[in-house]
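Colleague: Sharing a structure with you now.
What follows draws every value from the coordinates through simple rules; no lab data is involved. Owing to the predicted nature of the structure, the values given are computational and were not obtained by experimental measurement. Heads up, the Cβs are rebuilt from the backbone with ideal geometry, glycines too, and the neighbour counts pull from every protein chain shown.
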Amino acid sequence: MVPAIMTTAADPHPQPMSAAACPACILTPDAARLARAVSAAQQPALREHLIVSVPGMHCAGCISTVERGLERLDGVRAARVNLGLKRVMVDAAPGLQLSDIITHLANLGYEAHELDADALGPEQNDPEGRALLMRLAVSFFAMMNVMLLSVAVWSGAEDATRDLFHWISAAIALPTLAFAGQPFFASAGAALRAGRLGMDVPISLALLLSGGLSLYETVAGGHQAYFDAGVMLCFFLLAGRYLDYRSRSVARSAAQELSALEVPRATRLDDGVAQEVAIAALAVGDIVRVRPGGRMPVDGTVIRGESELDRGLLTGETRPVQASPGSIVCAGEINLTGPLDLQVTAAGQDSSLARMTALVALAESGRDRYRSLADRAARVYAPLVHLLALAAFGFWLWHSDGDVRLALNIAVAVLLITCPCALGLAVPAVVTTASGKLFRKGFLIKTSTALERLAGVDTVVFDKTGTLTLGLLQPLGLDQHRPDDLALALALAQGSGHPLAQALTQALQARNIIPTVLCDITELPGHGIQATADGKIVRLGRADWVGAEPPAGTASFLQTPRGDICTFGFADHLRPGAVQAVAALQAQGLQVHLISGDNAHAVADFAQRLGITQWQANALPTQKAARVAAMQANGQHVLMMGDGLNDTAALATADVSIAPGSGLDAARVAADIVFLGQDLAPLSDALRLARQSRRRILQNFAMAAVYNMIAVPLALAGLASPLAAAAAMSLSSISVSLNALRLR
Amino acid sequence: MEVLAYLIPISIGLGGLGLLAFIWALTHRQYDDPKGDAARMLNTDYDDHPKV
């Protein structure tokens with residue numbers, strides 16, 4: 001085995017020899033390649049497949065740069081770009097660090113992110129979609145061939161020729177129905193076992209009966225066979241299934257990619273030595289280091305370090321919270337200023353993050369109460385169709401004095417003509433068109449009925465932090481301060497990574513303020529920054545540290561050399577388009593509410609800026625959900641939009657929910673729709689599109705009903721020929737699809 | 001009408017060939033990255049054998 005690998009690996013990337021290349025240059029990469037090949041030969045089983053997301057790739061040049069660039073990196077055996085997914089699959093020797101690949105790509109000029117292969121799931125090859133596509137292709141092939149033969153029969157082939165054509169049709173159609181009809185048979189079987197009549201029961205019955213009866217007619221040398229209608233029905237319905245599957249899988253894989261970007265790793269300290277491990281490997285009692293900007297992977301107690309925590313995603317508060325040895329932290333909080341060492345008190349499934357996520361899963365199962373339009377229609381439709389076919393069979397049996405063959409023929413014609421093509425194709429066609437349009441506006445529709453539920457919404461509930469805001473703070477009223485104070489504040493703020501200091505730095509730099517020259521700048525994590533100016537101590541930081549009154553809102557304090565104190569108030573950055581979105585929703589006649597976990601001062605100010613009159617502050621997660629449930633009990637249909645862990649219960653309770661892509665994974669999982677954009681303005685457009693698509697679905701039902709009203713009496717009277725059935729079926733399928741495409 | 005004896009098998013055979021080609025393409029991951037494959041032909045670097 002080893003020699004075989006050696007021969008193939010000795011020169012895995014042959015390159016044309018360049019005349020200008022000096023021998024050393026050619027030799028060196030060869031030596032490196034050989035070394036690589038040897039190490040690969042020693043451990044052939046331990047190859048690793050790493051997946052990296054590179055959002056910046058967009059052309060042939062990028063593919064070439066990234067692939068060739070990566071293959072020059074030691075330890076990389078092969079790299080393959082998928083331009084559609086903007087990913088690179090790297091086939092690497094063990095021991096190659098992902099961080100090396102990411103730095104290497106950064107040197108090549110591409111921003112890259114690690115993707116967690118577990119979160120992406122095993123569905124990368126998409127077996128379900130592929131199987132559907134295969135069935136679709138087989139039924140398409142069969143439909144075209146059988147139709148060709150059927151046309152000959154309809155146009156007058158007789159006797160032996162007709163029988164031969166029927167036999168060939170049977171040879172094509174029956175295996176096709178057996179293979180391509182499986183999704184319908186499976187779900188019809190499941191429905192019958194559960195004691196329901198779903199849409200798939202009449203479909204399966206029509207497929208089976210048309211196949212069986214046509215075979216009988218063929219054997220008996222009869223005039224009419226429905227092979228073409230059966231196969232065509234199968235094709236159109238599979239097309240509907242596939243469209244439905246596609247539109248959801250696009251949204252699902254985009255949502256999965258978002259989750260996969262958050263790689264569950266933590267830095268564990270083993271006897272003081274830092275080591276990267278998977279979060280799942282952490283146990284109670286371990287010491288974990290969390291760098292500034294990192295998210296707490298577990299629940300724990302701080303044992304070393306001073307910092308501030310952003311609890312926004314858990315509670316909705318914007319103001320950072322102090323953390324020092326002895327403080328208790330929860331998974332999901334963000335460490336802001338200094339490194340913290342934690343002792344793990346609960347990890348994995350026991351952490352508060354996992355417990356809250358589990359609560360959401362519980363609440364979510366309650367949402368199954370919504371029945372889709374197609375389901376509701378099928379519940380009325382399926383029994384009706386069966387009764388009609390049975391009645392036709394009974395009547396013709398009696399009328400023709402026991403001619404089972406005639407009676408069955410008519411019953412099958414009724415079943416085929418009434419078969420819910422409109423339900424099977426019309427709804428997916430509309431949903432796919434609408435989802436595609438919404439996807440381009442940044443909305444990922446994760447669940448199949450989300451669009452219908454969105455159409456019925458009359459109340460919109462927003463969370464504040466991270467949803468209507470970007471979660472970024474902006475200093476207020478800078479003009480009230482003296483220019484030399486501003487210069488001093490900039491000089492101090494520059495030296496810190498604290499979000500308030502960074503926001504202040506950005507705002508002041510935008511005003512072209514030149515910082516004062518300071519000495520001895522030191523940062524005290526959790527307190528602020530201190531320096532000396534003209535021999536006097538100046539400070540920028542927390543109220544109690546600087547010696548000021550604790551503020552009502554978020555603020556930072558500057559102690560000037562004169563000894564007095566300047567206050568810099570902060571407010572959250574409004575998400576772009578938030579004002580327009582709220583105004584547009586109100587103009588559409590929707591009630592808009594704001595429910596936040598933040599303090600009343602911040603929320604009131606904010607609600608006023610947006611023109612929202614109904615707001616609630618200091619809301620606990622359970623209160624948010626209870627408020628939404630109360631609105632629902634009042635008969636309202638609620639759209640909830642929120643990003644944090646404190647919103648997840650409300651997201652799961654609401655009729656339909658949207659989470660921004662920047663939100664916590666748990667919130668995105670709980671929501672039906674993930675919003676990827678920054679600008680909130682398309683929200684009202686999305687609601688409009690949802691209502692429009694609901695109208696289209698209902699129109700399609702109406703069209704199907706009209707068509708049935710014309711065709712069913714003909715079939716019942718025994719006047720429908722296989723040609724008429726085939727023509728009517730394709731006509732109705734095409735008309736409902738075209739209607740779906742009218743969505744704007 | 002004897003010509004049918006040739007024409008029907010030929011037409012079905014050709015259709016089947018198309019179907020087989022599609023099934024091959026589907027099972028050999030030819031539809032995994034259509035956008036990338038379209039761009040790849042513009043590359044100037046050639047390789048003598050397919051990548052792993």
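Colleague: Just counting partner chain Cβ atoms within 10 Å, what average do the residues of peptide B:28-40 show around their Cβ?
Modeller: Per-residue shielding by partner chains comes out at 5.
Colleague: Would any residue of the stretch A:268-299 have its amide N under 16 Å from a label point 7 Å out along Cα→Cβ of residue A:103? List them or say none.
Modeller: Flagged as within label range: A:276.
Colleague: Something else: Assuming a ≥ b ≥ c are the square roots of the Cα gyration tensor eigenvalues, decide whether the stretch A:45-126 counts as rounded (a/c under 1.5), prolate (otherwise, with a/b larger than b/c) or oblate.
Modeller: Oblate, because a/c is 1.5 or more while a/b does not exceed b/c.
Colleague: 7 Å from Cα along Cα→Cβ at both residue A:741 and residue A:190: what's the point-to-point distance in nm?
Modeller: 3.2 nm
Colleague: Shifting gears a bit: Between beta-carbons, use under 10 Å as the cut-off and find the net charge around residue A:199, counting Lys and Arg +1, Asp and Glu -1.
Modeller: The answer is -1.
Colleague: State the dimensionless ratio Rg/Rh of the stretch A:472-572 (Rg: radius of gyration of Cα atoms; Rh: Kirkwood radius).
Modeller: 0.91
Colleague: Let me know the charge dipole size of the stretch A:472-572 about its Cα centre in debye, to the nearest 20, where only the beta-carbon of Lys, Arg (+1) and Asp, Glu (-1) is charged.
Modeller: Taking the Cα centre of the stretch A:472-572 as origin, the dipole is about 80 debye.
Colleague: If r is the Cβ-Cβ distance from residue A:167 to residue A:719 and R0 is 25 Å, what FRET efficiency results, to the nearest 0.05?
Modeller: Taking R0 as 25 Å, the efficiency between residue A:167 and residue A:719 is 0.40.
Colleague: Spin-label point model (7 Å from Cα, Cβ direction): what's the residue A:343 to residue A:727 distance in nm?
Modeller: With each label point 7 Å from Cα toward Cβ, the separation is 8.5 nm.
Colleague: Just how large is the dipole of the protein assembly as shown about the Cα centre, in debye to the nearest 20, putting +1 at every Lys and Arg Cβ and -1 at every Asp and Glu Cβ?
Modeller: 1720 debye
Colleague: Ok, one more. Counting other beta carbons within 10 Å of each residue's own, what order do A:203, B:8, A:63 fall into, fewest first?
Modeller: B:8, A:63, A:203
Colleague: Which order results if A:199, B:41 are arranged by neighbouring Cβ count within 10 Å, fewest first?
Modeller: B:41, A:199
Colleague: Mind checking which aspartates and glutamates have their Cα closer than 17 Å to the Cα of residue A:441? Skip sequence neighbours fewer than 8 apart in that chain.
Modeller: A:672, A:679, A:685
Colleague: What's the exposure ranking of A:232, A:147, going from fewest to most Cβ atoms within 10 Å?
Modeller: A:147, A:232
Colleague: Let me ask something additional. Averaging over every viewing direction, what projected area does the convex hull of the Cα atoms of the stretch A:666-744 cover, in nm²?
Modeller: 7.7 nm²
Colleague: Around residue A:533, which amide H atoms from residues at least 5 apart in sequence, or from another chain, sit under 5 Å from its own amide H, with H modelled in the peptide plane?
Modeller: When sequence neighbours closer than 5 places are left aside, the close amide H contacts are A:538.
Colleague: Same structure, new question: Helix A:483-493 sits at what angle to the longest principal axis of chain A, using alpha carbons and giving 0 to 90 degrees rounded to 10?
Modeller: Computed tilt is about 70 degrees.
Colleague: Which trypsin sites (Lys or Arg not before Pro) in the stretch A:63-110 pass both tests, a DSSP loop state and at most 16 other beta-carbon atoms within 10 Å?
Modeller: A:72
Colleague: Something else: Among all the lysines, which ones have a C-alpha under 21 Å from residue A:446's C-alpha, if same-chain residues fewer than 8 places away are not counted?
Modeller: Once the sequence-local lysines are set aside, what remains near residue A:446 is A:86, A:437.
Colleague: Take the Cα radius of gyration of the stretch A:263-310 and divide it by 2.2 N^0.38 Å, with N its residue count; two decimals is plenty.
Modeller: Output field value: 1.09.
Colleague: Which one, A:708, A:683, A:637, is farthest towards the positive end of the dipole of the stretch A:634-721 when Lys and Arg carry +1 and Asp and Glu -1 on their Cβ?
Modeller: Toward the positive end, the furthest listed residue is A:708.
Colleague: Right, another one. Within the stretch A:202-223, what residues put their amide N at less than 16 Å from the label point 7 Å along the Cα-to-Cβ vector of residue A:158?
Modeller: A:222-223
Colleague: Between residue A:579 and residue A:328, what length comes free when the chain is fully extended (0.36 nm per residue of separation minus the Cα-Cα distance, one decimal in nm)?
Modeller: Here the segment from residue A:579 to residue A:328 would lengthen by 86.6 nm.
Colleague: If you don't mind, another one. Subtract the Cα-Cα distance of residue A:405 and residue A:295 from 0.36 nm times their separation in residues, and report this length gain in nm to one decimal.
Modeller: The residue A:405-residue A:295 span can extend by a further 32.4 nm.
Colleague: Here is a follow-up. What is the angle, in °, between the Cα long axis of helix A:127-154 and the longest principal axis of the Cα atoms in chain A? Nearest 10 is fine, range 0 to 90.
Modeller: Taking Cα atoms only, the helix is inclined about 30 degrees.
Colleague: Further, regarding this structure: With a ≥ b ≥ c the root eigenvalues of the C-alpha gyration tensor of the protein assembly as shown, is it rounded (a/c under 1.5), prolate (a/b larger than b/c) or oblate?
Modeller: Oblate, since a/c reaches 1.5 and b/c is not below a/b.
Colleague: A follow-up question, please. Between residue A:68 and residue B:5, what is the spin-label point distance in nm, taking each point 7 Å from the Cα along the Cα→C-beta axis?
Modeller: Taking the simple label geometry, residue A:68 and residue B:5 are separated by 6.1 nm.
Colleague: Please work out whether the stretch A:556-709 counts as rounded, prolate or oblate from its C-alpha gyration tensor, where a ≥ b ≥ c are the square roots of the eigenvalues and a/c under 1.5 means rounded, while otherwise a/b larger than b/c means prolate and anything else oblate?
Modeller: It is prolate, given that a/c is not under 1.5 and a/b is the larger ratio.
Colleague: How far is helix A:60-71 tilted off the main Cα axis of chain A, in degrees rounded to 10, range 0 to 90?
Modeller: The answer is roughly 60 degrees.
Colleague: Taking R0 as 56 Å, what's the FRET efficiency between residue B:29 and residue A:521 from their Cβ-Cβ distance, rounded to 0.05?
Modeller: Efficiency computed from Cβ-Cβ geometry: 0.50.
Colleague: Additional query: In bins 10 Å wide, starting from 0, what share of all Cα pairs of the stretch A:408-519 does each bin hold, as a percent?
Modeller: 11, 22, 14, 14, 15, 10, 6, 5, 3, 1
Colleague: Which residues does the label zone of residue A:630 cover in the stretch A:581-606, counting backbone N under 16 Å from a point 7 Å along Cα→Cβ?
Modeller: Zone members listed by number: A:592-597.
Colleague: Considering only the other residues whose Cβ falls under 10 Å of the Cβ of residue A:455, what net charge follows from Lys and Arg at +1 and Asp and Glu at -1?
Modeller: For residues surrounding residue A:455, the net value is +4.
Colleague: What is the local net charge at residue A:442, summed over the other residues whose Cβ is closer than 14 Å to its Cβ (Lys, Arg +1; Asp, Glu -1)?
Modeller: So the environment of residue A:442 carries a net charge of +4.
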